[in-house]
């Protein structure tokens, strides 16, 4: 089976590609534009693998997208490529529209054109898997959960662009019979996550002995899923998902931002204590809230678990400890990111 993966050098993609290559009889074509958030170092395991091919392609370029699809003749597409940072979407929404909406449209158009050239058996087996986020559903109060049937109420330029892409993917299934599947995931965490996301920010600021910034009072809640568990779910969808279905992947690990920050600080107190008598929690600093900050996300993945037999295998504290240890073991990588790509300055202050 030959799969075309978009965004395979990103955080989730770079976890997906090696695990996909470990499957028997699976070839991977990875296309990625290698933006600031790419983590090609995570793909070193794929170097020299005869079942792996990489091309630097921006999905916003329709001609390149069409060329690679007709050149490689995939049996499935796993669409991970996206601009993903809420704060960056507040500062510059145009890139999010271009990549997440126009890029998805280009991919759907070229894939549909290719799909229509396939024979009946190949069409029956073909899948287009579109990976999305729980943020498309908007914000929850202290109660309830989102599921695959929840209405869309996106509140940021990022989530609105992903919601638009989700709707396009479903429309191409209903209108053009392209066998698409949509997945929505809660917040992922794990090794190689770019240091502008919450957990790497907390770890990085603590290790640099700088104030650890928390929006508002730190009470905003997210559900957290270890990235390898999400990848296992996507491979399950690839093998067993039904066209037209939606699958949601959550970690059953709702935590407030303040709770996560304190937990990381306590882990670092044991794993790399600060000099002197101060603990890392003394670095926590509350700052002005993000514009339009959603209060809470939570996913009910029970139907996905029932349909696919999928379960997250990492408990949050264990997964978080593994993540903290990875950043401690890879401080050279973190320093390189800080010097070359992101110096830790606040994002999302508006244009």
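The values are calculated or read from the model by the stated rules, or taken from the named source; none is laboratory data. Just so we're clear, the structure is a prediction, and the values are computed from it rather than from any experiment. Here the Cβ is made from the backbone with ideal geometry for all residues, glycine too, and neighbour counts use every protein chain on show.
Is it the case that region 71-78 has a residue that's in contact (Cβ under 8 Å) with a residue 12 or more places away in the chain, part of a helix (DSSP H, G or I) and farther than 26 Å from residue 199 by Cα? Among the residues of region 71-78, at least one is in contact (Cβ under 8 Å) with a residue 12 or more places away in the chain, part of a helix (DSSP H, G or I) and farther than 26 Å from residue 199 by Cα, which makes the answer yes.
Could we say that residue 135 is assigned to a helix (DSSP H, G or I), within 26 Å of the chain's Cα centre (by Cα) and touching a residue at least 24 places away in the same chain (Cβ under 8 Å) here?
When the stated conditions are applied, residue 135 passes them.
When each of 289, 294 is tested for being touching a residue at least 12 places away in the same chain (Cβ under 8 Å), part of a loop (DSSP other than H, G, I, E, B), closer than 21 Å to residue 159 by Cβ and under 21 Å from the mean Cα position of the chain (by Cα), the lone residue that passes is 294.
No other residue among 38, 46 is under 20 Å from residue 337 (Cβ atoms) and either surrounded by 16 or more Cβ atoms within 10 Å (Cβ to Cβ) or in contact with a helix residue (DSSP H, G or I) (Cβ under 6 Å, 6 or more places away or on another chain) (or both) apart from 38.
Tally the residues that are over 15 Å from residue 264 (Cβ atoms) and crowded, with 18+ Cβ neighbours inside 10 Å, restricting the search to region 192-216.
Total meeting the criteria: 4.
Does residue 129 satisfy being surrounded by 19 or more Cβ atoms within 10 Å (Cβ to Cβ), touching a residue at least 60 places away in the same chain (Cβ under 8 Å) and outside any strand (DSSP E or B)?
no
Is it true that some residue in region 178-187 is assigned to a loop (DSSP other than H, G, I, E, B) and surrounded by fewer than 18 Cβ atoms within 10 Å (Cβ to Cβ)? Taking every residue of region 178-187 in turn, none turns out to be assigned to a loop (DSSP other than H, G, I, E, B) and surrounded by fewer than 18 Cβ atoms within 10 Å (Cβ to Cβ). In region 143-159, of all residues being in contact (Cβ under 8 Å) with a residue 24 or more places away in the chain and within 30 Å of residue 91 (Cβ to Cβ), the one that is surrounded by the most Cβ atoms within 10 Å (Cβ to Cβ) corresponds to 159. Only residues that are part of a helix (DSSP H, G or I) and either at pLDDT below 95 or touching a helix residue (DSSP H, G or I) at 6+ places or on another chain (Cβ under 8 Å) (or both) were counted across region 49-70, and they come to 5.
Among the residues of region 276-314, those identified as crowded, with 16+ Cβ neighbours inside 10 Å and under 17 Å from residue 232 (Cβ atoms) are 299, 301, 304, 305, 307, 308, 310, 312, 314. Per the conditions (1) surrounded by 19 or more Cβ atoms within 10 Å (Cβ to Cβ); (2) part of a loop (DSSP other than H, G, I, E, B); (3) under 18 Å from the mean Cα position of the chain (by Cα), the sole criterion not satisfied by residue 100 is (2). Every test in (1) within 21 Å of residue 234 (Cβ to Cβ); (2) over 19 Å from the mean Cα position of the chain (by Cα); (3) at pLDDT below 95 is passed by residue 84 save one, and that test is (2).
Confirm whether residue 318 is under 23 Å from the mean Cα position of the chain (by Cα) and either in a helix (DSSP H, G or I) or without any contact (Cβ under 8 Å) to a residue 40 or more places away in the chain (or both). For residue 318, the condition - under 23 Å from the mean Cα position of the chain (by Cα) and either in a helix (DSSP H, G or I) or without any contact (Cβ under 8 Å) to a residue 40 or more places away in the chain (or both) - is met. The condition (being surrounded by fewer than 21 Cβ atoms within 10 Å (Cβ to Cβ) and either closer than 20 Å to residue 318 by Cβ or over 21 Å from the mean Cα position of the chain (by Cα) (or both)) is satisfied by just one residue among 252, 223, 245: 252.
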